[in-house]
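Novice: Take a look at the following structure, please.
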Amino acid sequence: MREARAFWITAPDDSPAVPAPARGEIRSVTLRPPTGDEVLVRTMYSGVSRGTETLVSSGKVPPDQHAIMRAPFQEGDFPYPVKYGYLNVGIVEAGPPPLVGRAVFCLFPHQTAYVVPRESVVRLPDGVPPRRAVLAGTVETAVNALWDAAPLIGDRVTVIGAGMVGCCVAALLARFPGAEVELVDTNPARKATAEALGVTFATPDTASTGRDLVVHASATQAGLQHSLDLLAPEGTVLELSWYGDRPVTLALGGAFHSGRLTIRSSQVGTVSPARRASRTYADRMALALRLLRDPAFDALITGSSPFEDLPVVLPRLAAGDLPALCHLITYGSE
């Protein structure tokens, strides 16, 4: 048997200074030895998915979404206490010989070591460093989104919201031949990120109009409305934001009907219908990891903290006083 430590979100924080984010704590867990079809993984890095995890930590998962929003290896139930997360990279310490000693990605929460079925881990391809590989789950979301959106050569595309998901989408769109890609955010500091990804940057006031496709990832009502306002006739908004329990109101007069505009949702929980007959979840994840050979993605890792600091770090991320795209959690050694 082996001892490990796991991060749990335990309850809302009653402090008046930080009313919404939850308290967290590190708990001990005893791991059983892996069986013949399992692996024991020692975590090297995990990543905080700032948008989803801060909503979870604030208790804002609607009751009718509790089952849908469960992470693959989540323990506990929404709202609290819950062990949640899905961006984990580690080294296989025991299991089938071809995997032992190899770096792998797994959709596992923040925990120092864990035992999972061997099919739940994906070996990192050559050329993808473990730190960058924590982005695999988010790049997978971007892959699925672009399967849904199906942009065309030469399209004029805007991505609204320069968070983790929006930046991953923009990075992939930058590879499309002839595409004119603009990343829009209210934070002018994201201009440097856009430049590192190879796309142009604009604030909402300076964003280009007449767009064939707008991918919305700001998780704000204003951002979704602005997405519609930027479209060319017969253009499409692909909605990637998750709002938790917040209502969203849109003005659907004006050009919405006369321009035959479209709003379409995309969600990574299922493979896009455009590829469902020919791609599996494993295929999609393998593609996401191969795409991470591009060092441009390093611009999305904007800070790091040791695992022991997670009970302090997650409330700070949720409160907004620790700005980040992907905040890396480190586990002592590689």
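The values are calculated or read from the model by the stated rules, or taken from the named source; none is laboratory data. None of these values were measured; they are calculated from a predicted model. Methodologically, a virtual Cβ is constructed for each residue, glycine included, from the backbone with ideal geometry; neighbour enumeration extends over all protein chains shown.
Novice: Exactly one condition in (1) surrounded by fewer than 21 Cβ atoms within 10 Å (Cβ to Cβ); (2) closer than 22 Å to residue 49 by Cβ; (3) of a type in the set (A, V, I, L, M, F, W, C) is false for residue 164; which is it?
Specialist: Among (1) surrounded by fewer than 21 Cβ atoms within 10 Å (Cβ to Cβ); (2) closer than 22 Å to residue 49 by Cβ; (3) of a type in the set (A, V, I, L, M, F, W, C), residue 164 violates only (1).
Novice: So, residue 258, is that one closer than 30 Å to residue 134 by Cβ and touching a strand residue (DSSP E or B) at 6+ places or on another chain (Cβ under 9 Å) or not? First the steps, then the outcome.
Specialist: Working: closer than 30 Å to residue 134 by Cβ: no; touching a strand residue (DSSP E or B) at 6+ places or on another chain (Cβ under 9 Å): yes.
Taking the combined requirement at face value, the residue does not satisfy it.
Novice: Hey, another quick one. Anything in segment 282-334 that is of a type in the set (Val, Ile, Thr), more than 23 Å from residue 55 (Cβ to Cβ) and buried (at least 20 other Cβ atoms within 10 Å of the Cβ)? List them, or say none. Working first, answer last.
Specialist: As a first pass, look at segment 282-334 and keep what is of a type in the set (Val, Ile, Thr): 301-302, 312-313, 329-330.
The next check asks that each one be more than 23 Å from residue 55 (Cβ to Cβ); those that pass are 330.
Passing the criteria: none in range.
Novice: Do you know which residues across segment 23-63 are closer than 29 Å to residue 167 by Cα and in a helix (DSSP H, G or I)?
Specialist: Listed by number, the residues that qualify are 50, 51, 52, 53, 54, 55, 56, 57.
Novice: Another question, then. Do we have residue 276 as part of a loop (DSSP other than H, G, I, E, B), farther than 22 Å from residue 69 by Cα and at pLDDT 95 or above here? Explain how you work it out, then say what you get.
Specialist: Numbers: part of a loop (DSSP other than H, G, I, E, B): yes; farther than 22 Å from residue 69 by Cα: no; at pLDDT 95 or above: yes.
For residue 276, the condition - part of a loop (DSSP other than H, G, I, E, B), farther than 22 Å from residue 69 by Cα and at pLDDT 95 or above - is not met.
Novice: A further question follows. Look at residue 119 and say whether it is loosely packed, with under 15 Cβ neighbours inside 10 Å and in a helix (DSSP H, G or I). Talk me through it step by step, then tell me what you get.
Specialist: Values: loosely packed, with under 15 Cβ neighbours inside 10 Å: yes; in a helix (DSSP H, G or I): yes.
When the stated conditions are applied, residue 119 passes them.
Novice: If residue 115 meets every condition in (1) touching a Pro at 6+ places or on another chain (Cβ under 8 Å); (2) closer than 27 Å to residue 303 by Cα apart from one, which number is that one?
Specialist: Here residue 115 meets the rest and fails (2).
Novice: Considering every residue within segment 207-215, establish whether at least one is without any contact (Cβ under 8 Å) to a residue 24 or more places away in the chain, surrounded by fewer than 16 Cβ atoms within 10 Å (Cβ to Cβ) and in the same structural domain as residue 150 (by TED's automatic domain parsing). Let's see the steps before the verdict.
Specialist: So the first thing to find is which residues in segment 207-215 are without any contact (Cβ under 8 Å) to a residue 24 or more places away in the chain, and the list is 209.
Within this subset, residues satisfying the condition of being surrounded by fewer than 16 Cβ atoms within 10 Å (Cβ to Cβ) are 209.
Then keep just the ones that are in the same structural domain as residue 150 (by TED's automatic domain parsing); that gives 209.
Scanning segment 207-215, I find at least one residue that is without any contact (Cβ under 8 Å) to a residue 24 or more places away in the chain, surrounded by fewer than 16 Cβ atoms within 10 Å (Cβ to Cβ) and in the same structural domain as residue 150 (by TED's automatic domain parsing), so the answer is yes.
Novice: Filter segment 278-332 down to the residues that are over 23 Å from residue 11 (Cα atoms), touching a residue at least 12 places away in the same chain (Cβ under 8 Å) and hydroxyl-bearing (Ser, Thr, Tyr) and list them by number.
Specialist: Result: 302, 304, 330, 331.
Novice: Tell me the residue from 104, 100, 92, 82 that is surrounded by fewer than 18 Cβ atoms within 10 Å (Cβ to Cβ) and not assigned by TED's automatic domain parsing to the domain that holds residue 244, please. Steps first, please.
Specialist: Details: 104 fails: surrounded by fewer than 18 Cβ atoms within 10 Å (Cβ to Cβ); 92 fails: surrounded by fewer than 18 Cβ atoms within 10 Å (Cβ to Cβ); 82 fails: surrounded by fewer than 18 Cβ atoms within 10 Å (Cβ to Cβ).
Step by step, each of 104, 100, 92, 82 is checked, and only 100 is surrounded by fewer than 18 Cβ atoms within 10 Å (Cβ to Cβ) and not assigned by TED's automatic domain parsing to the domain that holds residue 244.
Novice: Quick check on segment 240-256. Is at least one of its residues in contact with an Asp or Glu (Cβ under 8 Å, 6 or more places away or on another chain) and crowded, with 18+ Cβ neighbours inside 10 Å? Walk me through it before giving the result.
Specialist: At the first step, the residues of segment 240-256 found to be in contact with an Asp or Glu (Cβ under 8 Å, 6 or more places away or on another chain) are none.
No.
Novice: Kindly provide the set of residues from segment 52-69 that are more than 18 Å from residue 247 (Cβ to Cβ), in contact (Cβ under 8 Å) with a residue 40 or more places away in the chain and out of contact with any strand residue (DSSP E or B) (no Cβ under 6 Å at 6 or more places or on another chain), ordered by number. Spell out the reasoning first.
Specialist: Initial filter on segment 52-69 (more than 18 Å from residue 247 (Cβ to Cβ)): 52-54, 56-57, 66-68.
Then keep just the ones that are in contact (Cβ under 8 Å) with a residue 40 or more places away in the chain; that gives 52-54, 56-57, 68.
Of everything in segment 52-69, those that are more than 18 Å from residue 247 (Cβ to Cβ), in contact (Cβ under 8 Å) with a residue 40 or more places away in the chain and out of contact with any strand residue (DSSP E or B) (no Cβ under 6 Å at 6 or more places or on another chain) turn out to be 52, 53, 54, 56, 68.
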